[in-house]
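Enquirer: This is the structure, below, for whatever I ask next.
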């Protein structure tokens, strides 16, 4: 590795010769100059890895030199060295984009440490990450070889999402390959676990099973209403746990945040999981309890089968005898214009005990990836998907909406209805023409699929999934599989490959965030 080139500007540089020699002994190539003008000339004609800059030089001082240097080389890391400890001076230097500062007298070790933080941080972090992940890899392998309960699966899902972010940030291809391999191994074991335990969960009392979609309002919203806390309930359609981890840091400045994981109900799709959130019911109870609403649904798309979320939530609150006064408000936001309109009208909602909103942006991106070439280019993998979601969140009215509500003392409960899985392996499926069109699950008659690729449920009612006919089967994709009919198989396999789809069984689809946010600005 080539020696790092350091430019050091100090009008007393002769007194610092031992410091220069110390750095050169550690394979730094140091160029010493005695004025700000000399530093600017060097930066104009040579490339350096870092600049050590004295703040109190005669002539052109450090702050003025810094300003000129940043105009010439905006990305050059700068460490300012000063005799002054005045806070205003430090604020000015930081405002002009110094990367670090040291207060005289400095010893060589301090300078070496500051340079390493700036120049070798990536390499050091990669080494640390590799060591830590090897330990995590071994720990996870041991867990997967044993018997895991639902709380351990939730914990593993959260940990794997966190590692996904850390490895992606370091862009270490070898670690990412190792992680992907273990994630698929985990999903394979998780699929077997869900196949065995999910129908049992449907019969268990709440204390014996994990939190599921239909528990959210009862366990997180109802206690706040009973405590007379105004609530903004946000459901971000298709928000994965790693998406939440990517956007959560930008909210920490404004909110105290508590996050818990829970499992989405199956299929991990809007008609089932989100209706269960708002109704407080398992999917097969919806048509029985709310037949007047269910019979009006049009089963030709996710939007039409979620037409009655407001009514379902109202009825759930009435059943718990906590229907608030004034009555709750509900809004479904499908685009930026509608979000801006809601933001402008936010004051109309401040005095309400409960406001519920569904944001559909993340799901829209996932669905349009298969048809929009630009989106395919923008989202080649999970890291890019997170980046797009983070950018949307940062620039959408949603963040400002949350701050506005939070400042008025409103507690925010944010969650997702399901995640999504990157589809990589096309699997042939046979079935009649009435089978559901989804890529990760299908309900219909005479369904045939490789049993290694999917969980086959011959009696969907035992999984609390409905409505289904007496002769209907249910298949749920495992791992990264997706279903394609034999007709023009290659065409459609290619069309949907690498899309982010949902409906099946995976940690990415089922392990979801439930966050409670209370403003620090109230």
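Enquirer: For the chain, what does the helix formula give at 222 nm: sum of -39500 (n - 2.57) over DSSP H segments with n ≥ 4, over the residue count, nearest 500 deg cm²/dmol? Intermediate results must be reported in sequence, preceding the final value.
Expert: Working: 21 runs with 222 residues, N = 522.
Roughly -12500 deg cm²/dmol at 222 nm, from the helical runs in the chain.
Enquirer: Could the peptides 181-187, 77-83 be put in order, highest first, of the mean number of other beta-carbon atoms found within 10 Å of their residues?
Expert: For the peptides 181-187, 77-83, the packing ranking is 77-83, 181-187.
Enquirer: I've got another one for you. Based on the alpha carbons, how large is the Rg to Rh ratio for region 424-497 when Rh follows Kirkwood?
Expert: Rounded to two decimals, Rg over Rh is 0.96.
Enquirer: Please quote Rg/Rh for region 394-454 to two decimal places, taking the Kirkwood radius as Rh and restricting both calculations to Cα atoms.
Expert: When Rh is taken as the Kirkwood radius, the ratio is 1.30.
Enquirer: Here's another thing I want to ask about it. Helix 309-319 against the longest principal axis of the chain: what's the angle in degrees, Cα atoms only, rounded to the nearest 10?
Expert: The angle comes out near 70 degrees.
Enquirer: Here's another thing I want to ask about it. Nearest 10 degrees, 0 to 90: what angle lies between the long axis of helix 173-201 and the longest principal axis of the chain (Cα atoms)?
Expert: 30
Enquirer: Can you quote the Å³ per residue value for the convex hull of the Cα atoms in region 170-221, rounded to an integer?
Expert: 118
Enquirer: Have a look at the chain and give its Rg and Dmax from the Cα atoms, expressed in angstrom.
Expert: Considering the chain through its Cα atoms, Rg and Dmax are 28.3, 91 Å.
Enquirer: What's log10 of I(q)/I(0) for region 4-119 at q = 0.13 Å⁻¹, Debye sum over Cα points only, no solvent?
Expert: The computed values of log10 I(q)/I(0) come out as -0.42.
Enquirer: Evaluate the Kirkwood expression for the hydrodynamic radius of region 133-275, namely the inverse of the mean inverse distance over all pairs of different C-alpha atoms, and round to one decimal in Å. Intermediate values should be presented prior to the final figure.
Expert: On the way: mean 1/r = 0.0575 Å⁻¹.
With all distinct Cα pairs of region 133-275 included, I get 17.4 Å.
Enquirer: Also: What is the helix-to-structure angle for 150-170, meaning the angle in degrees between its Cα long axis and the longest Cα principal axis of the chain, kept from 0 to 90 and rounded to the nearest 10?
Expert: Between helix and principal axis, roughly 40 degrees.
Enquirer: Restricting to bridges with both residues inside the chain, how much of the DSSP beta-bridge set is antiparallel, in percent to the nearest 5?
Expert: 40
Enquirer: Please list log₁₀ I(q)/I(0) at q = 0.19, 0.24 Å⁻¹ for region 122-201, using the Debye equation with identical point scatterers on the alpha-carbon positions.
Expert: With no solvent term, the Cα-only Debye profile gives -0.81, -1.15.
Enquirer: Could you tell me what percent of the DSSP beta bridges with both partners in region 424-497 are antiparallel, to the nearest 5? Please report the intermediate quantities before stating the final value.
Expert: On the way: 10 of 14 bridges.
If we restrict to bridges inside region 424-497, about 70 percent are antiparallel.
Enquirer: Post the alpha-carbon centroid distance, region 379-413 to region 98-149, in whole angstrom.
Expert: 29
Each value in this text was obtained by applying a stated rule to the coordinates, not by laboratory testing. The structure presented is a predicted model; accordingly, all values stated were derived computationally and were not measured. Please note: Cβ atoms are built from the backbone with ideal geometry, for glycine as well, and neighbour counts cover all protein chains shown.
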